Amino acid sequence: MKNNIFKMALILFATHCVSSQKVKSSDALQQKWWKEAVVYQVYPRSFKDSDGDGVGDIKGIISKLDYIKSLGIDAVWLNPIYSSPNDDNGYDISNYREIMKDFGTMQDFDLLLQEMHKCGIKLIMDLVVNHSSDEHEWFKQSRSSRDNPYRNYYHWWPAEKGKPPYRWSFFDVNSDAWKYDAQTNSYYLHYFSQKQPDLNWENPKVRHEVYDIMRFWLDKGIDGFRMDAFQFASKDTTWPELPKGYEKNIIKYYGVGPHLHEYLQEMNKEVFSKYDIMTVAEGAGSSPEDAMLFVDPDRKELNMAYHFESVDIGKHLKDFGLVKYKAIFSRYDQEFKDKGWLAIFLANHDQPRMVSKFGNDTPKYRAISSKMLSTFIMTMRGTPYYYYGDELGMDNIRFNSIEDYKDLDTRNRYIGLKNKGGDLQAFLEQQKQTSRENGRTPFQWDTTQNAGFTTGTPWLKVNPNYQTINAEAQEKDPNSTLNYFKKLVKLRKQEPAFVYGTYTLLDKENPNVYAYTRELNGKKLLVLLNFSDKEATYNTGFLTLKSKIILGNYQDLINTKTNMLRPYEAKIIELK
Ligand code: GLC
């Protein structure tokens, strides 16, 4: 008898072992700090100036670490602070191991990292290695003669072969990505500006130089990299003619080249695998399937990707409509439901302000619609990236004159259009909605001169609305967009369902309301967002008398009409 009990126990134990081995928890549920983190993007030029030269700097950021910490965020992504002639605000790097003078010194950087870590905040650096500056020593050498050892660090086309096959350039006045260089009677390739020559990733020496640079920063203790424009690093260097209509899918012809994933796997083996860091691809092909290839954990490349389909769909939400918008997020979520990981964002330094594009920045709705959009970012599946100033509801500056723009993107396109005799007024009107400089104006700290950003002349005009929209006023107001943002961050941290829970879209065809649930281990949270300036009804089922509203952007959480949301209303409801 005793023996039998013992045997049964053994069988039970054995069965239990077998079944638990079979249940392999999905990658989507694997806990990682970078999935749980909320990332706050700091554009250093515009955050805080400490020395009165009109340009934000590292010491300025250090002086505002208490503010950053008060947001409750976990990591800061810092746009490039390396030495640069600043053709493209630091995205043209002339020395990857030095700090740009405008921003301070390496000692300032070391202090920033140390102080951030003391506050429990991680630091993610921007890594710009699809191209360097033409003032980088590598390029100076490379252009000096055809047999220079650095020649193959870049892409050259000898002029005796005739004109190179046309490639379009993002920032070139003539939209031509090949620039003739008389010194060696050759053309060099620049997908971005003429001062941003593309590095030749086919050359293993280039790759290993970059891995060394990465180790330099990682050994200082930084916590990860955002891989700028890296999808363009691999090119089809047989340079085929582009088919008609290539402009409609530029990524397909310009990015995700034949060796891109080999490079990322090599980079992972050489560098990433040796550190506990976060790595994020800026741009990841042109479909959810493409994006998965960057972050499928079995492939050992990057941790996460951010795709552009949801921000590049048009000028304003009104133009493309909520149904299309919901479909994009849902399609990506479906692809990533079991493995891989995405970033969620509505703005960054290359986009207009979030509230101006997806919400409503009129005085009546600016705050409420900002809060609604923040609710979206903080409750979606994926790591939230939140752009500096969006927590205050900062909006588009809408410059009237080309003189006010500093950005080469707007300026070069203006010149190109002028040369062709195009409609400059219409272009300027359009830039008020689309220019990325709308989102780069100095942070609005308080009501003092220049919004407390600088005692000098700001490098870019401050938005005059700082008298009403500023951090100091919002810190004091319990109902401000700032304080609502802090509540959301706290809630996301308290509630694992917002990080690891499944996402289910509800009321799919509703043109005004975005409704979805997040669900984990029996806990079900319903998120209701009205993206319109009218009352809007929804049909999600589920709600019972026991359902509990846990956060909303209207002060009186309960409205009397059932299944109705007020203009731009957001609600998070726990379903019971
Ligand atoms: C990325 C950056 C953008 C920059 C471009 C060229 O898209 O985000 O600001 O202009 O790369 O480096």
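Here, each number is a calculation from the coordinates, and none is a lab measurement. Because the structure is a prediction, the values reported are computed rather than measured. No Cβ is skipped: glycine too gets one built from the backbone with ideal geometry, and neighbour counts run over all protein chains shown.
If one computes the Cα centroid of region 366-418 and of region 264-289, what distance in Å separates the two points? So the separation of the two Cα centres works out to 27 Å.
Here region 109-174 and region 479-511 have alpha carbon centers that stand 38 Å from each other.
Residue by residue, region 481-489 carries 3J(HN,Hα) couplings of 4, 4, 5, 5, 4, 4, 5, 5, 4 Hz when phi is fed to the Karplus relation 6.51 cos²θ - 1.76 cosθ + 1.60 (θ = phi - 60°); x denotes Gly or Pro. Projected label points at Asp319 and Glu115, each 7 Å from Cα along the beta carbon direction, are separated by 4.1 nanometres. Taking amide H as placed 1.01 Å from N in the peptide plane, the amide H of Val271 sits under 5 Å from none that are at least 5 places away or on another chain. For the chain, the Cβ-based charge dipole about the Cα centre amounts to some 2140 debye (Lys, Arg positive; Asp, Glu negative; other atoms uncharged).
Of the peptides 441-447, 326-332, the order by per-residue mean of other Cβ atoms within 10 Å, starting with the highest, comes out as 441-447, 326-332.
Label zone of Thr362 (point 7 Å out along Cα→Cβ, amide N under 18 Å): in region 428-458 this covers 433.
How do 305-313, 339-347 rank on mean C-beta neighbours within 10 Å, highest first?
Answer by packing, highest mean first, reads 339-347, 305-313.
Rounded to the nearest whole Hz, the Karplus-based 3J(HN,Hα) values (6.51 cos²θ - 1.76 cosθ + 1.60, θ = phi - 60°) of region 363-380 follow the sequence x, 5, 10, 4, 5, 5, 6, 4, 5, 5, 5, 5, 4, 4, 4, 7, 10, 8, with x at glycine and proline.
Once you keep just the Cα pairs under 8 angstrom separated by 6 or more residues, what percentage relative contact order results for the chain? Relative contact order for the chain comes out at 13 percent. May I ask for the distance between the Cα centers of region 67-101 and region 431-458, given as a whole number of Å? Result: 18 Å between the Cα centres.
Residues whose amide H falls under 5 Å from that of Tyr154, counting only those 5 or more places apart or on a different chain, are Asn200, with hydrogens built in the peptide plane. Of the trypsin sites (Lys or Arg not before Pro) found in region 458-519, those in coil by DSSP whose Cβ has at most 12 other Cβ atoms within 10 Å are Lys508. Here the Karplus curve 6.51 cos²θ - 1.76 cosθ + 1.60, taken at θ = phi - 60°, turns the phi angles of region 343-356 into couplings of 9, 10, 8, 10, 7, 6, 6, 9, 10, x, 5, 3, 5, 6 Hz, with x standing for Gly and Pro. Near the amide H of Ser132, within less than 5 Å, lie the amide hydrogens of Leu199, all on another chain or at least 5 residues away, with H placed in the peptide plane.
Computed as a quarter of the hull surface, the mean projected area of the alpha carbon convex hull for the chain stands at 31.8 nm². Estimated purely from DSSP H runs of n ≥ 4, each contributing -39500 (n - 2.57), the mean residue ellipticity at 222 nm for the chain is -9500 deg cm²/dmol once divided by its residues. Its Cα centre serving as origin, region 211-259 has a Cβ charge dipole (Lys and Arg +1, Asp and Glu -1) of approximately 160 debye.
Counting only Cβ charges, +1 for Lys and Arg and -1 for Asp and Glu, the dipole size of region 459-576 around its Cα centre is about 380 debye.
Counted over the chain, the DSSP beta bridges are approximately 60% antiparallel.
Estimated at 0.36 nm per residue, the fully extended path between His259 and Asp66 surpasses their Cα-Cα distance by 65.1 nm. Of all GluC sites (Glu not before Pro) in region 198-288, which ones are in loop regions per DSSP and have a Cβ with at most 14 other Cβ atoms within 10 Å? Hits after loop and neighbour filter: Glu241. Restricting to DSSP loop positions (anything but H, G, I, E, B) with no more than 16 other Cβ atoms inside 10 Å of their own Cβ, which GluC sites (Glu not before Pro) remain in region 488-550? Sites meeting the loop and neighbour criteria: Glu509, Glu535.
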